[in-house]
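The values are calculated or read from the model by the stated rules, or taken from the named source; none is laboratory data. Treat the numbers as computed from the prediction; the structure is a model and nothing was measured. Here the Cβ positions follow ideal geometry from the backbone for every residue, glycine too, while neighbour counts run over all protein chains shown.
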Amino acid sequence: MRKIPGEFLAIDRKARARSFSTDVQTRPVAERICDFNDVVIYLTPELAMQEAARCVQCPDPAPCMLACPAHNDIPSAMWLIEQGRFLEAAAIYRQTSSLPEICGRVCPHEQLCQGSCSHNKATAPVMTGPLEAFVTDYERQLLGVSIPVGQPSGKHVAIIGAGPAGLACAEQLVQQGHQVTIFEAKPGPGGMITYGIPNFKLPKEVVFERIHDLEKAGVKIVYNTYVGPEMTIDDLLEGDFDAVFVGVGAQIDAPMEVPGEDLPGVYKATEFLMRGNVDLELLPPELRSLPEVGRKVVVIGGGDTASDCLRTALRMGAEEVVCLYRRTEKEMPGGRHDRDLAKEEGAQYQFLTQPIRFIAGPDGRLAQVECIRMVLGEPDAKGRRRPVPVENSNFIVEADCAVTAVSYWPDPTIGKTTPDLKTDKWGLIYADTETGATSRPGVYAGGDDVTGPSLVVTAMVAGRKAAAAIDQYLASIE
């Protein structure tokens, strides 16, 4: 439980509740769609203090803390920021988050902390996400960031996957004195935060600076190593490692299973974002070229990845970019903030539309997408109304390029190459939600390879929880 400063007992909460937010400022549309640089104009110290002063310090348990998967002590951080004590606020975030400079940028704050802010009853919520990014950036620029390293334990942990879950697990384990080696299949680190989130949302240098923190603390990262086909978990445990954490995510694009899906000009979202946003030297050799977007692009899907693809296509020179989604905007799983930015930048939306066939032109490349209209029926198991096809409503959408961003599956390789590791039919690993323990002793897992596609922050939290359990396990073995 946090300790509210005595000075706060006399604050005028009603006045703060009526105060106006400075809101997140972005670069002009005409400027930002011409490059892949961050669209956000960063807060100044003065604006940060002004915005943090809007916090009314809700009684424990504060709604924003409960809504944050990491349970960051946001009210205490707001109090410190209000006083200009930015370094102390950054330390508050680092107590519960291994990636605060990243989560402050990419979390869907309107669905989490900001969405739970008591200000929503009367005015705009406190900008908790941008303030988290501000203080951790301030800390890095002023002092730098270092991860404290514990006394050597003599234990060695292998982490499979250098994404949010694996990075968080490593950050916690080195603080306990354990030696950590991360095995990463790609040529670069970060997983989806490098390969799946565009620069205009999360600059790559922010990710790579955090990676450098880990390397300074002694974490070793081995790239271009695909655990499963090249080396198995059994090989690791029979070798130098005392425990293994699996954080490979869910980066296999789910197929639409419609005719023409393999036509030139039809891309999976992951490949499209990787080739469009990542330095070619960090890509596998077969992906070291830009996608051909042409003049008209359609993106199929309603999540944050779809928004990222829409905005990427616009920056790559497409003149007309349209999102096709089979439900209405109300049912879209992606964040409203990203959709609003996409609309500002020129993306269009066609709702209640389901593509059923990709059609080639005379040159063999994609030329058209056949679609049908949909209506909403009864709610499905998740509470969203089911899309129902409208008979004889077929129509054609012209397209030079299509990107499918419908869902993700886990890579089943780990399950298939690890005896007695329990997985479901999709390849998701069964693991304890609090400890990450799997059916194999000494093997832990967390993140999207356990839950399915989710958030950076939930993967990060899973990595931290697993690290605590691994530390206890290592203490129990000779």
* Asked: Can you name the residue in the range 234-254 that is touching a Phe, Trp or Tyr at 6+ places or on another chain (Cβ under 8 Å), of a type in the set (A, V, I, L, M, F, W, C) and part of a loop (DSSP other than H, G, I, E, B) and is also surrounded by the most Cβ atoms within 10 Å (Cβ to Cβ) among such residues?
  -> ALA250
* If LEU80 passes every condition in (1) within 24 Å of ILE41 (Cα to Cα); (2) surrounded by fewer than 19 Cβ atoms within 10 Å (Cβ to Cβ); (3) not small (Gly, Ala, Ser) but one, which one does it miss? -> (2)
* To do: Kindly indicate the residue of the range 227-243 that is more than 15 Å from GLU478 (Cα to Cα) and not charged (D, E, K, R) and also nearest to the chain's Cα centre (by Cα) among those meeting that condition.
  => VAL227
* Asked: Which one is farthest from VAL135 (Cα to Cα) among residues in the range 41-56 that are under 27 Å from the mean Cα position of the chain (by Cα) and either part of a loop (DSSP other than H, G, I, E, B) or not assigned by TED's automatic domain parsing to the domain that holds LEU80 (or both)?
  -> CYS55
* To do: Working only within the range 255-270, note down all residues that are within 22 Å of the chain's Cα centre (by Cα) and buried (at least 17 other Cβ atoms within 10 Å of the Cβ).
  => TYR267, LYS268, ALA269, THR270
* Here are some conditions: (1) in a loop (DSSP other than H, G, I, E, B); (2) at pLDDT below 95. ASP35 meets all but one. Which one does it not meet? -> (2)
* Just for the range 383-410: of the residues that are of a type in the set (Asp, Glu) and surrounded by fewer than 18 Cβ atoms within 10 Å (Cβ to Cβ), which one is nearest to ASP262 (Cα to Cα)? -> GLU398
* If we keep just the residues of the range 118-167 that are surrounded by fewer than 24 Cβ atoms within 10 Å (Cβ to Cβ) and charged (D, E, K, R), which is farthest from LEU87 (Cα to Cα)? -> LYS155
* Structure fact -> Condition set among the aliphatic types (A, V, I, L, M) and touching a residue at least 40 places away in the same chain (Cβ under 8 Å), scope the range 41-55, selection surrounded by the most Cβ atoms within 10 Å (Cβ to Cβ): answer is ALA52
* If only one of PRO362, PRO333 is at pLDDT below 95 and outside the structural domain of GLY129 (by TED's automatic domain parsing), which one is it? -> PRO333
* Go through TYR430, TYR444 for me and flag whichever is among the aromatic types (Phe, Trp, Tyr) and touching a residue at least 40 places away in the same chain (Cβ under 8 Å). => TYR444
* Those residues that are surrounded by 13 or more Cβ atoms within 10 Å (Cβ to Cβ) and acidic (Asp, Glu), I need them from the range 411-423; list them, please. => ASP411
* Structure fact -> Counting only residues in the range 100-147 that are small (Gly, Ala, Ser) and assigned to a helix (DSSP H, G or I), the one farthest from PHE200 (Cα to Cα) is identified as SER118
* Which condition number does GLY150 fail, the rest of (1) in contact with a His (Cβ under 7 Å, 6 or more places away or on another chain); (2) part of a loop (DSSP other than H, G, I, E, B) being met? -> (1)
* To do: Can you confirm whether the range 457-468 contains a residue that is farther than 26 Å from CYS68 by Cβ and touching a residue at least 24 places away in the same chain (Cβ under 8 Å)?
  => no
* **Members of the range 384-408 that are over 29 Å from the mean Cα position of the chain (by Cα) and without any contact (Cβ under 8 Å) to a residue 12 or more places away in the chain** => GLU391, ASN392
* Selection status of CYS58, buried (at least 21 other Cβ atoms within 10 Å of the Cβ), out of contact with any His (no Cβ under 8 Å at 6 or more places or on another chain) and either in contact (Cβ under 8 Å) with a residue 60 or more places away in the chain or closer than 22 Å to GLY115 by Cβ (or both) -> no
* Being of a type in the set (Val, Ile, Thr), modelled with pLDDT of 95 or more and not assigned by TED's automatic domain parsing to the domain that holds ASP242, is that true of even one residue in the range 376-395? -> yes
* Asked: Can LYS186 be described as among the basic types (Lys, Arg), farther than 19 Å from GLY249 by Cα and not in a helix (DSSP H, G or I)?
  -> no
* To do: Take the range 314-330 and flag every residue that is buried (at least 17 other Cβ atoms within 10 Å of the Cβ) and outside any loop (DSSP other than H, G, I, E, B).
  => LEU314, ARG315, GLU320, VAL321, VAL322, CYS323, LEU324
